[in-house]
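Notes follow the structure.
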Amino acid sequence: MPGNLPGMLAGRNGLSPVMVGRASELARLRRLLAARSVPDVRVALISGEAGIGKTRLLKELIAGLDPDPDALVLGGQAGQGMPGRPFQLLREAVASEVRDWEAVPARLADRDDALRMMLYPIAPRLACDRERDREYGQEELLGTAVDLIRELAPTLLVFEDLHWADAQSVALFGRLALTADLDVLLIGTFRPEGVDRRHPMLELLAELDRQRPVTSILLERLDQAQVHELVEAVHGGPVPFRVAETLHRRTGGNPFFLEELLATAAKDLKGSDATAAPERLASLPLPWNLTEAVLRRLDDLEPPERQVAETAAILGERIPFDLLASVAGRSEQELIEALRRLVREDLLAEREQDVFHFRHALTREAIAGQLLGRERRRLHEKALAALQEAGSDDWSAIVWHAQGAGRGEELVAAARAGAEAYVCRGASVDALRLAEHGLAEAPDDPALLAWASKAAWLIGLLDVSVEHGERRLEVARQRGDLEDQAAVLIHLARVHWEAHHPDRQWECVWQALEAARRLGPSPLLARAQARVSEAYMLADDATAAIEWADHTIALAERVGPRSVLLAAQVNKGTAMVEPNGPPSRRRREEGLALLERAVAEAEAADFDLTLHRALWNLMVNQVQSWPLERSWQVYRQLRAASERAGHAADNVGLAIRRSEIHVMEGDRHAALTAIAKGRRLTRTRNPSSVFEFLLDPYEAVLRIEGGELPAAEELLGRSREMMLTASQECDRGWFWAICAARAARRGALDAARAACAQADAQVAAWWWGLGPEPNIGLIDAVAPVCQRRRCGRCSPEPTS
């Protein structure tokens, strides 16, 4: 039966071969469908805006039905203009089953006349040959319809788009929902914005709420990670973060709008270079059918309301009331009346007080696109003048209007100021967008390149950060600016380490030090020395790391800044905690104390990057020793510091840290859930992120613990090359330790001993706690112990 879809589900199939972002909703519906132990109607209502994926969800539900030849799925779909056709949804749902009836089944004989009257439009052989001498009341017709459904005995009955349905169809849905002896899953879908105060759906919803349990499913728009997943599924390969981010912004996460853009892209890019196609997805114009669909919503507006809508479309994503009044030239009362209509028509929404947004960014795009170029330019000029006169610090709006007005110099100046301000506010994504707008006008501007590289680094776009950073270095060398060369090299050293470019990292480290030394003792030289200390720490050379940290601390105490002194203390404390040589408990305790002091001072001074790094390295080394309450406290501090510094609060590294805490709680399921969340987060970040490749071995440890050895083997096979070529010996040793545990669980003791020897060769030098002996007692304990002793030097977070 699943292959025999009812008519209302046989329409448009999505472009994506997989459904994205609806797994939990689908699981809820499948549980309802399977709950047939006691015959009873189960009711679900699926709501959401147009194009959100209600029909796709139903198709996935039906496609997953067991191939039972007796299973029957019935469905009807309402449409605009149908309110005058009573019981239209019932007729559409049952048409395929009754169209060939020549007589009413015997069990429905007492409903003969009513059924003939109800069904003859779709079953012409049932038409009566005699004139009916009475009219049928609604109660009798509802009872007849319920008996018909009972006779057909569907497994699933769907009424789609109830917001457009006739009153009798809505009433029938309610009657079926309250008929306890029907063994059926009854599903209705509707758009909340289509249900006004007079709609019979309101009464239906209230009645169901009073009389029976209903599973309500509200489909939300896709988030950025889900948009990225859908675009990659349709495109059939990786798509850059910035493309997915732009498409998410343009479509608002509406799957229909997104797929319409992608369908246009598929036609537009046909025959073009496939490798270049993803970058072009974000800038393609709206398809004509989508533009027409959007603009039709303006047809019923009065001229003043339409003019306000057009002005609002030019103002951008945020539409402040006062700015709209100034540019539109409307009085407060006139504008209020126009905005009320636009909100009532679901074009605009007031999400902040006195600030409006279009419900869909594509609506704004379509309205703006149908204006003449001169009209758009004049509106941009008015908006820019109003913002400048008011002394606004809405840099995104200023850049947007300067661009639309053709004011290049003002655009670049605002982009510089805005990128700096947004990085300081922790709005790194906005900072990158603004800086790149400015770079389109002034591609070699050093300040814009600096802010673009830093913002991209903060949000994990390492390739983008390297691109802008290396260009800034080239510009600094062309200008002979030694100070800027040193500054960008210090920055690039860290970025290249995170991007797994160790050779380039060390080149930057030494070049930065040389450039800074030529400028004499200065805060810049202190920063360069701190980077040398960090590089040695990351390379497992504790002696050199501590020596360079001491040099940095001495210089920073003389010339500053305080943030560099604290960064050097973090380097030194971490190197002392995890020495490259025989473990010393006293030195370890001194290192922990130094990290604790760095945490306190960085928090007091609001040095969020240094605070995050100190907390990270402290937590990595103490998560097994601390009380759980302390681990959760530090985890929350890490998240907060990430947010303030402009990192994504839920980055991959934090997902791993959360998983570790759940391991200490003994909650393996929660630990696996945290790892799964980390995987999802990678869709919005650079795939070469410093910790992403560790997700597989972390999960492998948890799978081994649960006895899921095939899954563990697949994960280890997938991560083998990356782990065994990792620059940190702790990663190489940890991989062999996990292999030893897996072999031991399989009973392959020779393989387990061989893996233990490989692990011990890597980890004996730094494994404080167990010592350097090659015999590691209980093989099964190897992987968990190695996991808990993870090296804090691998923090994915950047230094100050």
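Helix 668-681: angle to the longest alpha-carbon principal axis of the chain, degrees 0 to 90, nearest 10? Relative to the chain, helix 668-681 is tipped by roughly 90 degrees.
Working value for the stretch 529-684: equivalent-ellipsoid semi-axes of 28, 18, 14 Å, each the square root of 5 times a Cα gyration tensor eigenvalue, largest first.
Our summary of shape: the Cα atoms of the stretch 342-477 have principal axis extents of 55, 29, 28 Å, ordered from largest down, in whole angstrom.
A Förster distance of 22 Å, applied to the separation of the beta-carbon atoms of T725 and D667, puts the FRET efficiency at 0.10. Just to verify a number: FRET efficiency for Q307 and A263, C-beta to C-beta distance, R0 = 35 Å, to 0.05? Here the calculated transfer efficiency is 0.60.
Taking the three principal axes of the alpha carbon atoms in the stretch 86-192, the coordinate ranges are 44, 25, 23 Å, sorted in descending order. Ranked by the mean number of other Cβ atoms within 10 Å of their residues, highest first, the peptides 324-335, 542-553 come out as 542-553, 324-335. Computed on the Cα trace of the stretch 583-622, the radius of gyration divided by the Kirkwood hydrodynamic radius gives Rg/Rh = 1.03. In summary, the convex hull built on the alpha carbon positions of the stretch 412-569 has an orientation-averaged projected area of 8.9 nm².
Mind running the shape call on the stretch 630-670? Use the C-alpha gyration tensor, a ≥ b ≥ c as the square roots of the eigenvalues: rounded below 1.5 for a/c, prolate if a/b tops b/c, oblate otherwise. Oblate shape, in that a/c is at least 1.5 and b/c is the bigger or equal ratio. With N as its number of residues, the chain has a Cα radius of gyration that, divided by 2.2 N^0.38 Å, comes to 1.16. For the stretch 382-444, the normalised intensity computed at q = 0.13 Å⁻¹ comes to -0.29 (log10 of I(q)/I(0), Debye sum over alpha carbons, equal scatterers, no solvent). Using a probe of 1.4 angstrom and keeping all protein chains present, the accessible surface of the chain works out to 43 square angstrom per residue. When you count the other C-beta atoms within 10 angstrom of each residue and take the mean per peptide, 514-522, 237-245 line up highest first as 237-245, 514-522. Converting phi to 3J(HN,Hα) with the Karplus coefficients 6.51, -1.76 and 1.60 and the offset θ = phi - 60°, the stretch 301-309 yields 7, 6, x, x, 5, 5, 5, 5, 4 Hz in sequence order, with x at every glycine or proline. Taking 0.36 nm per residue of sequence separation and removing the Cα-Cα distance, the L152/D606 pair yields an extension gain of 156.5 nm. Computed about its Cα centre, the charge dipole of the chain is approximately 1160 debye, with only Lys, Arg, Asp and Glu carrying charge at their Cβ.
Which residues does the label zone of Q353 cover in the stretch 314-338, counting backbone N under 14 Å from a point 7 Å along Cα→Cβ? Residues passing the 14 Å test: 321. What a 1.4 Å probe finds exposed on the chain is 49% carbon and sulfur by accessible area, rounded to a whole percent. Peptides 446-457, 336-347, 419-430 ranked from most to least packed give 446-457, 419-430, 336-347, packing being the mean of other C-beta atoms within 10 angstrom over each peptide's residues. Remark on the stretch 279-412: hydrodynamic radius 15.3 angstrom, per the Kirkwood mean of 1/r across alpha carbon pairs.
The stretch between L371 and D196, if pulled fully straight at 0.36 nm per residue, gains 59.8 nm over its current Cα-Cα span. Residues whose amide H falls under 5 Å from that of R221, counting only those 5 or more places apart or on a different chain, are absent, with hydrogens built in the peptide plane. Summed over qualifying helices (DSSP H, 4 residues or more, each -39500 (n - 2.57)) and divided by its residue number, the chain shows a 222 nm mean residue ellipticity of -20000 deg cm²/dmol. Measure off 7 Å from each Cα along the Cα-to-Cβ vector at R378 and A421, then give the distance between these two points in nanometres to one decimal. Going by the 7 Å Cα→Cβ label model, 2.9 nm.
Compared with the direct C-alpha span, the chain from R318 to E102 gains 71.6 nm at full extension, assuming 0.36 nm per residue.
The values are calculated or read from the model by the stated rules, or taken from the named source; none is laboratory data. Every value quoted in this text rests on a predicted model; they were computed, and no experiment measured them. We place every Cβ from the backbone using ideal geometry, glycine too, and count neighbours over all the protein chains shown. Ligands, DNA and RNA are excluded from the accessible area calculation, which covers all protein heavy atoms including side chains. Shrake-Rupley method; radii C 1.70, N 1.55, O 1.52, S 1.80 Å.
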